[in-house]
Amino acid sequence: QVHVVESGGGLVQPGGSLRLSCTASGGISDINPMGWYRQAPGKERDFVALISGGVASYADSVKGRFTISRDNWNTVDLQMNNLKPEDTAVYYCKVFSNPDYWGQGTQVTVVS
């Protein structure tokens, strides 16, 4: 059983920064891609960023502002800079597997 835990959310003003962290424990390895998704109120859960085999990919809405990194096989971080109000959402970490594994989410709120 894989257990996924996110941390690092919070309240920040527009233009500010936050760093999210995700740690997975259980039956995964560095072969499993890891990524971040987000869900704003009343909207579907959307892709934010993914790292697989050291290669990162991003949603267009966060390119140039967010950076995903994976220093350990079971940890993935998301550095978020120049945050905007539209980045407000619950951010979820995902471990790509069969089945996929999700964390419980961490709230990010960007407000003046």
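The values are calculated or read from the model by the stated rules, or taken from the named source; none is laboratory data. Predicted, not measured: the structure shown is a model, and the values here were computed from it. Note: areas computed on protein heavy atoms with side chains; ligands, DNA, RNA excluded. Shrake-Rupley method; radii C 1.70, N 1.55, O 1.52, S 1.80 Å.
For the chain, a Gaussian network of Cα nodes joined below 10 Å ranks 77, 46, 100 by mean-square fluctuation, and the top entry is 100. Remark: accessible surface ordering of 55, 110 (largest first) is 55, 110, probe radius 1.4 Å.
Starting from the Cα-Cα distance between residue 46 and residue 21, subtract it from 0.36 nm times their residue separation and give me the gain in nm to one decimal. Before the final figure, lay out the partial values.
On the way: separation 25, 0.36 × 25 = 9.00 nm, distance 1.80 nm.
Answer, rounded to one decimal: 7.2 nm.
Ranking 50, 11 from most to least accessible surface, computed with a 1.4 Å probe over the protein chains only, gives 11, 50. On region 1-63, 50 percent of the accessible area sits on carbon and sulfur atoms, based on a 1.4 Å probe. Which percentage, to the nearest 5, of the DSSP beta bridges contained in the chain is antiparallel? Of all bridge pairs located within the chain, approximately 90 percent are antiparallel.
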